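We did not get these values from a lab; they are worked out from the coordinates using the rules stated. Since this is a predicted model, take the numbers as computed values, not measurements. As a convention, Cβ positions derive from the backbone with ideal geometry for all residues, glycine included, and neighbour counts pool all protein chains shown.
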Amino acid sequence: MTFDSLTFVVFFIAVVAMFNLPSLSWSARKNVLLAASFLFYGAWNPPFLLLLIASATVDWWLALRMSAARPTQRKPWLILSLCANLGLLGFFKYGDFLRANTQSLLALAGIDWQPAAFDILLPVGISFYTFQSLSYCIDVYRGDVRVQKSLRDYVLFVGFFPQLVAGPIVRYRDFSAQLHTPRRTTADGFALGLSLLLIGLFEKIVLADSIFAPVADPVFQIGATIDSAAAWTGTIAFAGQIFCDFAGYSTCAIGCAAMLGFWLPNNFRSPYAATGFSDFWRRWHISLSTWLRDYLYLPLGGNRGGGLFTMRNLMLTMLLGGLWHGAAWTFVAWGAFHGLMLVVERLARPTIDRASRVLGSVGTLLGGLITLLGVLIAWVWFRAPDFAHAAQIHHAMLLPTDTSANLSAEAKIALIVFSLMWLMHWLWRHHDLRRWLRRRGAVALGFIWASLIVSIVLSPGVSRAFIYFQF
């Protein structure tokens, strides 16, 4: 069940109607949300619903034990939580990856090991709900949040269906008050939420699936013939596709939550208008980048131990952040590139600051273009099926041999749309979409809704699964 399916529309209308029945108490309305979340997730694969419930229950119980223990005796419970969550993630997401790499290492040593294939089906959204639940246990260990004594409320926090499958990754400190304060659908919340839902569906169906994917997918297929024009247009199209696909999901999730009276944090803020790689990670997948900062980078020591120590922490954080996205060395390379760019940016910060003061707005634009170029080059590793294909695309991009660019009409449209999207990012780099929508009147919102609905309905694109479902 996905946001862009008719099944979800019927499901969500039923949930909103039941949630707002006047006779229901707040506890009963939370039961409705929990049942809806179970149905939403169980529709993917019912046995994995049991895995979600079991994982959340274990963390809930371990957090209770931590809370009851003295501060000096909490660490064993935290270690159990880390082992349970990372072990679960490691088995389902990285089990086959570890098996294949172990087999290759043994082969280099002359040992012919032929293990049985794992053939493990990856539970949808496991990376997201595992990190969400783990952050709660760490916060309880640190004493940053009060323990949740209600199992029902905790499972609802972990499994709240709008953001369950692909985020945003929600912190318990941001959600706990919403579990305790009764809420219903309001006119303002419904109007805002519907606007966000339609914008997210437009990004996914019209932009990601219909305009960008048909140009990007052929370039990244194994065996594709790639010239310089195809390499650049395919990479730019993928940059547009992954943003519209992932930001589209996050926007839909935030909109659905708003229609139920809940607030979820922003996950994107005009990332292609970033003026540096550190700025990019303040704008791209914000819930993950802040998670990695608070639960990995800072515990490693952050920037408190000198230059080399800081560079080590940056590289480790981005390497693990890359691996979080998928069990493949291409994702590690993507993370390594971003880590390296963060290190270079940190070393060059005095020069960058001086240039910014001298060049002013021209320097800001130049920094944005350099950042965008680096992000585009990195996306090749993220999307390519293997290193050989990534090298082939990079060679075509950076060492072109063809003298003419024969672009299809679809490629030209994709480039134009990406350019317009990049311009919108620059114009909106200091604005908040929710705040802007709240200021629109009924007539303006009606026009926006009508335009988005017509575009979505008339879109010719083939429906594709959200990219981040695989993570």
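Taking the Cα centre of the range 340-471 as origin and assigning +1 to Lys and Arg Cβ atoms and -1 to Asp and Glu Cβ atoms, the resulting dipole is close to 720 debye. Could you tell me which of Tyr141, Asn313, Ile199 has its Cα farthest along the dipole of the chain towards the positive end, charges placed at Cβ (Lys, Arg +1; Asp, Glu -1), taken about the Cα centre? Checked the options; the winner is Tyr141. Under 1.5 on a/c is rounded, so check that first for the range 90-199, then, if it is not, pick prolate when a/b is larger than b/c and oblate when it is not; a ≥ b ≥ c are the square roots of the alpha carbon gyration tensor eigenvalues. The shape class here is prolate.
Listed by chain and number, the aspartates and glutamates placed with their C-alpha closer than 14 angstrom to that of Lys149 are Asp59; residues fewer than eight positions away on the same chain are left out. Farthest toward the positive end of the dipole of the range 327-399, out of Gly363, Ile393, His338, is the Cα of Gly363, where the dipole comes from beta carbon charges about the Cα centre. Whole-Hz Karplus values for the range 225-239 come out as 8, 10, 9, 4, 4, 5, 4, 5, 5, x, 5, 5, 5, 5, 4 Hz, taken residue by residue from phi with 6.51 cos²θ - 1.76 cosθ + 1.60 and θ = phi - 60°; glycine and proline positions read x. Other residues within the sphere of radius under 12 Å centred on the Cβ of Leu34, judged by their own Cβ, net out at +2 (K and R +1, D and E -1).
Considering helices alone, the calculated mean residue ellipticity of the chain at 222 nm is -22000 deg cm²/dmol, with DSSP H runs of length four and up weighted by -39500 (n - 2.57) and normalised per residue. What you get for the chain, charging only the Cβ of Lys and Arg (+1) and of Asp and Glu (-1), is a dipole of about 1960 debye around the Cα centre. With charges set only on the Cβ (+1 for Lys and Arg, -1 for Asp and Glu), what does the dipole of the range 25-112 come to about its Cα centre, in debye to the nearest 20? Approximately 520 debye in magnitude. Measuring from centroid to centroid over Cα atoms, what is the spacing of the range 216-253 and the range 272-348 in Å? If you average the Cα positions of each part, the centres end up 23 Å apart. Counting other Cβ atoms within 10 Å as a rough exposure proxy, the listed residues Tyr129, Tyr94 run Tyr94, Tyr129 from fewest neighbours to most.
Within 10 Å of each residue's Cβ, count the other Cβ atoms and sort Asp4, Asp144, Asp245, Asp188 from fewest upward.
Asp188, Asp144, Asp4, Asp245
Projecting the Cα positions of Leu288, Phe97, Gly374 onto the charge dipole of the chain (unit charges on Cβ atoms of Lys, Arg, Asp and Glu, taken about the Cα centre) puts Leu288 furthest along the positive direction. A cut-off under 14 angstrom between Cβ atoms defines the neighbours of Leu105, and their net charge, with Lys, Arg +1 and Asp, Glu -1, is 0. For Lys93, the lysines whose Cα comes closer than 28 Å to its Cα, not counting residues fewer than 8 places off in the same chain, are Lys75, Lys204. Remark: the Cα gyration tensor places the range 272-402 in the oblate category, a/c being 1.5 or greater and a/b not exceeding b/c. Assuming a ≥ b ≥ c are the square roots of the Cα gyration tensor eigenvalues, decide whether the chain counts as rounded (a/c under 1.5), prolate (otherwise, with a/b larger than b/c) or oblate. Since a/c stays below 1.5, the shape of the chain is classed as rounded. In terms of surrounding Cβ atoms within a 10 Å radius of their Cβ, Glu410, Glu345 rank from fewest to most as Glu410, Glu345.
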